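What follows is a set of notes on a single structure, which appears directly below.
The values are calculated or read from the model by the stated rules, or taken from the named source; none is laboratory data. Please read all numbers here as calculations on a predicted model, not as lab measurements. All Cβ positions, even for glycine, are placed from backbone atoms using ideal geometry, and neighbour counts span all protein chains on display. Note: accessible area is taken over every heavy atom of the protein model, side chains too, but ligands, DNA and RNA are not part of it. Shrake-Rupley method; radii C 1.70, N 1.55, O 1.52, S 1.80 Å.
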Amino acid sequence: MTPADGRLGHEGLAAMVAGRRVWLCDLDGTLVDSAPVHAAAFRAAIGELAPSALGSFRYDAHAGATTREVVAGLGVGGDVAERLVRRKQRLYREYVEAGRVASFPGAGRLLDRLTSGGRTAYLVTSGSRGSVERVLAACSLGGYFSGVLTGDDAPSGKPDPAFYRHACERWSVDPDDAVALEDSEHGVASAVGAGLVTLQVNAAEPAAGATQVRDLDEIVDFLGRGVNGSE
């Protein structure tokens, strides 16, 4: 039985993912520490173009959603909304290129463990393709993924389960053979709703349906142990 806090011991975690050869990984907040940078870009853009919405804006309430969906939730529309989307993305990309986004400890080790162990890793992120490509390059993570699905590639974003279903259909992935790795409530809702075993990292509070893991290094550890201490 899973404990009330959603955590399992290493043997339980290893047993949960045993035999699942495909990993669908989120990017922001999961593999890279980008939430403060996204928040800064949003606040700067909102302050410039829709200052009346700045006082009530809280990025953590939108984590996992696309930039366009976040802007839609601000209550601005028309030309202002489109300008706000473009300005936020431009600022975020400038921040990335300035070195403000770094990978979480263990990100490279985890992806190396997955791919060298015969598993396939895909990236499933609500970020725009231009921003995602810059982050992967800046953090030296791009070479690990067999495919990348961004918010530009699907008709709906997280928390809609259709986002992860689209990823599975795109790459002919059987959900029974896959693990989703997420951090946000929106991301977990999308993955769980699509029928995926879901691990949640870097989260203070567990999201419904996911199994919480402390951090990426813990995943590397239990993957190294495997079931009954072997890979």
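Helix by helix through the chain, keep the DSSP H runs that span 30 Å or more along the axis on Cα and average at least 1.6 on Kyte-Doolittle, and give those back in order.
TM-like helix candidates: nothing returned.
For the range 142-226, run through the chymotrypsin sites (Phe, Trp or Tyr not before Pro) and keep only the ones in DSSP coil with at most 16 other Cβ atoms within 10 Å of their Cβ.
Answer by residue number: TRP171.
Using Cα springs under 10 Å in a Gaussian network model of the chain, which residue among VAL22, VAL76, VAL188 shows the largest mean-square fluctuation?
For the chain, modelled as a Gaussian network with Cα springs under 10 Å, the answer is VAL76.
What's the magnitude of the charge dipole for the range 82-197 around its Cα centre, counting Lys and Arg as +1 and Asp and Glu as -1 at the beta-carbon? Answer in Debye, nearest 20.
Using only the charged Cβ atoms, the result is roughly 580 debye.
Using a 1.4 angstrom probe and counting only protein chains, how large is the accessible area of SER116 in Å², to 10?
90 Å²
Over all distinct Cα pairs, what is the inverse of the mean 1/r for the range 164-231, reported as the Kirkwood hydrodynamic radius in Å?
12.7 Å
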